[in-house]
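The values are calculated or read from the model by the stated rules, or taken from the named source; none is laboratory data. Computed from a prediction, not measured in an experiment: that's the story for all the values here. Neighbour counts are summed over all protein chains in view; Cβ atoms, including those assigned to glycine, are modelled from backbone coordinates with ideal geometry.
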Amino acid sequence: MPVRDAAERVTAARAAVGGAGYAGAVSHVVHGKPVVLGMPGVRRGTPRTGTPADRPDDPRLVDRFGRVATDLRVSLTDRCNLRCSYCMPAEGLDWIEDSRLLADHEVIRLITVGVERLGIEEVRFTGGEPLLRKGLERIVAATAALRTGTGRPVVTALTTNGLGLERRAAGLVEAGLGRVNVSLDTLDRARFTRITHRDRMEGVLAGLAAVDAAGLRPIKVNAVLLRGVNDDEAVPLLRWALREGYQLRFIEQMPLDPQGAWDRASMVTADEILASLTEHFTLTPTDPARRGAAPAETWLVDGGGPSGTATVGIVASVTRPFCGDCDRTRLTADGQLRDCLFARTETDLRGMLRDGADDETLASAWRTAMWAKRAGHGIDEESFLRPDRPMSAIGG
Ligand code: SAM
Ligand code: SF4
């Protein structure tokens, strides 16, 4: 789906939910580009409380800040075959018991409710490592077969560490997978092993090559830079991505590691990454209107290069939060609905589903939960509380 479409859909969705009264997020200019500073305003003329009684009669996932969730992130497992230090302790975690995990048919049912009753337009599968889920192809195929309220196919996407893609890329494309993001933080094998506690960098590169061969483009690569570990790799990673034709996106490290090692003072910020990139490349901000609800700010690199399409992105969740534009809703592998990565509460859709709730009852609980979504995650505020679950159990 072209980015332009995404931006237009966000604008249209806002307008439909009363966007003319959307107070909008504060902007300022960084590196010549307007930057939206996170917090949405409450819609004018609407009640401010998140109680169900104040919710307008709208079938979609609207909230009191004028946002409309159309992007569903589904975690398919909390397990992983890597142990990235910023995500999981080396010894692993207490995995969710099998009996609590949603079965394939339960995942498909909840996605179907989201698409057919609640206006979900894009479904991204994540984890933990979603390629560890045996039924992934089946779930992707069932999702890709769904149609949105306007008759469009649902966009399906996968965020993965790439291990196993070598064997499964072609089958996933055949099942209808539309987009892929592969995570790779370094091009140095020893560093990869240090960050992930597994000597498997070659497997990730092979996975990337397989997706490329399967024709699934553009391929996005996610990289987290860590102070004193790989913070000197912004430029080499971008050079490599440009050479391979991948779209690189740096993600600021967030406080989601169960070890609690994240430190605001020492994390590598978007400004630092930009400063090192601009020493070697000419970065031109892409049109902010094209960003829509996409988390990454993007820049054309050296005018877009020979193809005109070379870009780099930064997902600055900490220093330039984009909560004001958030269009996400999340389902954990054990069937809990979350309105944000940093949510403090969950809604037990698995329990309802297993107790025999019909589709409209599930949809109604989902709408109620999203109406109460907070304005922002507040990572940069003193009152910030880390979520009870680590990133791998929520779904990144
Ligand atoms: N295992 C898959 C992968 O690594 O792509 C999917 C799940 S992972 C949780 C999704 C994304 O979250 C990855 O790109 C990863 O780098 C990112 N991530 C994990 N922990 C993070 C953290 N504490 N801060 C920022 N990004 C994080
Ligand atoms: Fe696994 Fe992804 Fe977390 Fe790394 S970031 S430990 S690959 S879930």
Do you know which residues across the stretch 116-141 are part of a helix (DSSP H, G or I), within 16 Å of GLY162 (Cα to Cα) and away from ligand 2 (no atom under 16 Å from the Cβ)?
GLU137
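Do the conditions hold for VAL224, that is, is it within 16 Å of ligand 2 (Cβ to nearest atom) and buried (at least 20 other Cβ atoms within 10 Å of the Cβ)?
Against the criterion (within 16 Å of ligand 2 (Cβ to nearest atom) and buried (at least 20 other Cβ atoms within 10 Å of the Cβ)), VAL224 qualifies.
Just checking, does the stretch 211-218 include any residue being surrounded by fewer than 21 Cβ atoms within 10 Å (Cβ to Cβ), within 13 Å of ligand 1 (Cβ to nearest atom) and not in a helix (DSSP H, G or I)? If you could, list the steps in order and put the result at the bottom.
Step one: list which residues in the stretch 211-218 are surrounded by fewer than 21 Cβ atoms within 10 Å (Cβ to Cβ), which gives 212-218.
Restricting the remaining residues to those that are within 13 Å of ligand 1 (Cβ to nearest atom) gives none.
No: zero hits.
Within the stretch 87-94, is even one residue within 25 Å of VAL211 (Cα to Cα) and more than 16 Å from ligand 1 (Cβ to nearest atom)?
So in the stretch 87-94, the residues within 25 Å of VAL211 (Cα to Cα) come out as 87.
In the following step, the residues that additionally are more than 16 Å from ligand 1 (Cβ to nearest atom) were identified as none.
The answer is no; no qualifying residue exists.
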Select from the stretch 316-334 the residues that are more than 30 Å from ASP271 (Cα to Cα) and either without any contact (Cβ under 8 Å) to a residue 40 or more places away in the chain or crowded, with 23+ Cβ neighbours inside 10 Å (or both) and list them in ascending order.
LEU331, THR332, ALA333
Could you tell me how many of the residues in the stretch 332-361 are within 23 Å of the chain's Cα centre (by Cα) and more than 20 Å from ARG124 (Cβ to Cβ)?
3
Hey, LEU102 hits all of (1) surrounded by fewer than 20 Cβ atoms within 10 Å (Cβ to Cβ); (2) in contact with a Gly (Cβ under 7 Å, 6 or more places away or on another chain) but one; which does it fall short on?
(1)
Return the residues of the stretch 145-182 that are within 26 Å of GLY313 (Cβ to Cβ), part of a loop (DSSP other than H, G, I, E, B) and modelled with pLDDT of 95 or more; say none if nothing qualifies.
VAL154, ASN161, GLY162, LEU163, GLY164, GLY176, LEU177, GLY178
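Across the stretch 80-96, what is the total count of residues that are more than 15 Å from GLY127 (Cα to Cα) and either more than 10 Å from ligand 2 (Cβ to nearest atom) or touching a His at 6+ places or on another chain (Cβ under 7 Å) (or both)?
Here is the first cut: in the stretch 80-96, the ones more than 15 Å from GLY127 (Cα to Cα) are 85, 89-91.
Right, trim to either more than 10 Å from ligand 2 (Cβ to nearest atom) or touching a His at 6+ places or on another chain (Cβ under 7 Å) (or both) and you get 90-91.
The qualifying residues number 2.
Could you say which residue among LEU300, LEU248 is aliphatic (A, V, I, L, M), outside any helix (DSSP H, G or I) and either within 30 Å of ARG109 (Cβ to Cβ) or within 19 Å of the chain's Cα centre (by Cα) (or both)?
Values: LEU300 fails: either within 30 Å of ARG109 (Cβ to Cβ) or within 19 Å of the chain's Cα centre (by Cα) (or both).
None of the others qualify; the one that does is LEU248.
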Is it fair to say LEU102 is touching a residue at least 24 places away in the same chain (Cβ under 8 Å), closer than 23 Å to ASP257 by Cα and not in a helix (DSSP H, G or I)?
no
